[in-house]
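Right, one structure below, let's go through it.
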Amino acid sequence: MKVLILAGGFGTRLSEETEIRPKPMVNIGDKPILWHIMKIYSHFGFNEFVILAGYKSHVIKEYFANYYLINSDVTFDLSNNSVEIHRSMAESWKVTILDTGIDTMTGGRIQRAKEYINDDTFLLTYGDGVCDVDIREVVKFHKEHGKKATMTAVQPEGRFGILNIHDDNMITRFEEKPKGDGGWINGGFFVCEPTVLDYIENASTVFELKPLMDLAADNELMAYKHHGFWKCMDTNRDRTQLIDLWTSKNAKWKKWD
């Protein structure tokens, strides 16, 4: 099962960092937040990734092009131009990076990955949020209810969009960022059937608007309620909080050694 990660936005509220790199490549500790997200999925056995890049996509490509070398002990013999790898700490990941266009919306980016999904169920999340949700449990929940899409619903500290969820976990209305404080919001970490792509019209489609609203109206969007940790790196304040959690060894999303 492939993991699609939306990593193409401008990240304007982190402009001090995103002038030189895409938002998913902003560091938490000594690793980009994209790495942290991939480690979450990898912990649960999902190691095939499709990165939906756009803005400064070359930075993401360069990072993974050099990943093996950077994470290894190396001897360079300059006399014969040879390289010897002694010890590698590289991940067992297969990473496909798609340049989905600078101005493409989230729905269009997802649609661009159609040929890589191979008509299989796929995982989907954003390139700026970490969570301690059990991905295997989300997948199990998705398979049991048999609907087209599962969204991990979370309860953050601030003001975001809200979900109307019935007692049977059916999402009946999706509203992005309404006035007033909401309860459950879109936390990403989706599980989707390939038929979800049928709800995306073109490159200008915002996934969080018509596609999710239509899925909810068709009773095809379910919520996996996650009561644990979730944090989106939307501002510099958010980034500082995540860095503090990581450096103090209180990063609740970290499940690996």
- [ ] Scan region 1-18 residue by residue and report those that are at pLDDT below 85 and farther than 20 Å from residue 207 by Cα.
- [x] 13, 14, 15, 16, 17, 18
Open item on the list: Please verify whether residue 61 is closer than 24 Å to residue 114 by Cβ and among the basic types (Lys, Arg), treating the condition exactly as stated.
Closed with: yes
Task: Failed item in (1) charged (D, E, K, R); (2) more than 22 Å from residue 189 (Cα to Cα); (3) touching a Ser or Thr at 6+ places or on another chain (Cβ under 8 Å), with residue 30 passing the rest - done: (3)
Task: Which listed residue is in contact (Cβ under 8 Å) with a residue 12 or more places away in the chain, more than 14 Å from the chain's Cα centre (by Cα) and surrounded by fewer than 16 Cβ atoms within 10 Å (Cβ to Cβ), from 56, 61 - done: 61
Open item on the list: I'd like the full set of residues that are at pLDDT below 95, in a strand (DSSP E or B) and closer than 29 Å to residue 22 by Cβ, limited to region 117-176.
Closed with: 154, 162, 163, 174, 175
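The values are calculated or read from the model by the stated rules, or taken from the named source; none is laboratory data. Please read these numbers as outputs of a predicted model, since none were measured by experiment. Using ideal geometry, Cβ is built from the backbone for each residue, glycine included, and neighbour counts are taken over all protein chains shown.
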